[in-house]
């Protein structure tokens, strides 16, 4: 089976370069999953989780926005404003950024540029918090019929 040739690039350089079975990512049109032989595509990315499935397992990253380019030869390039592995996201930091952005947005004297920057920060912070909470929810151990955690 053919594999995707995935490259994730951020302003800091290439963050990830791997062969993948699939890439799921949030675009302006909603979440998409890219599989081998996907139609050519260029899409705007919204803040959200990027899930990369490889032969070795699954990698989960948080993308702050950017673009994805899918070429006919199974080459997928993600140009991200910022990317972090989901497991290193800090809930306290995301909550603090959310609070600061909300406080800024409540001010009436912001310039258009300041307002746009605060709104973008709020969107990214909320996205990080959703990713953190989804990971916490999925990592819970199931409750057995006796009502105690199964180790």
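The values are calculated or read from the model by the stated rules, or taken from the named source; none is laboratory data. Owing to the predicted nature of the structure, the values given are computational and were not obtained by experimental measurement. Note that we place each Cβ from the backbone using ideal geometry, even for glycine, and neighbour counts take in every protein chain shown.
Quick notes on this one:
- Taking segment 37-61 as the range and being more than 20 Å from residue 119 (Cβ to Cβ) and either touching a residue at least 60 places away in the same chain (Cβ under 8 Å) or within 9 Å of the chain's Cα centre (by Cα) (or both) as the test, the residues that pass are 49, 50, 51, 60, 61.
- Those residues of segment 80-104 which are loosely packed, with under 15 Cβ neighbours inside 10 Å and in a helix (DSSP H, G or I), in sequence order: 87, 88, 91, 92, 93, 95, 96, 99, 100, 102, 103
- Check on residue 64, outside the structural domain of residue 134 (by TED's automatic domain parsing), touching a helix residue (DSSP H, G or I) at 6+ places or on another chain (Cβ under 6 Å) and in contact (Cβ under 8 Å) with a residue 40 or more places away in the chain: yes
- Residue check, residue 33 surrounded by fewer than 18 Cβ atoms within 10 Å (Cβ to Cβ), assigned by TED's automatic domain parsing to the domain that holds residue 73, free of Cβ contacts under 8 Å to residues at least 60 places away in the same chain and within 28 Å of residue 119 (Cα to Cα): yes
- Within segment 88-110, being closer than 25 Å to residue 18 by Cβ and in contact with a helix residue (DSSP H, G or I) (Cβ under 7 Å, 6 or more places away or on another chain) holds for one residue alone: 89.
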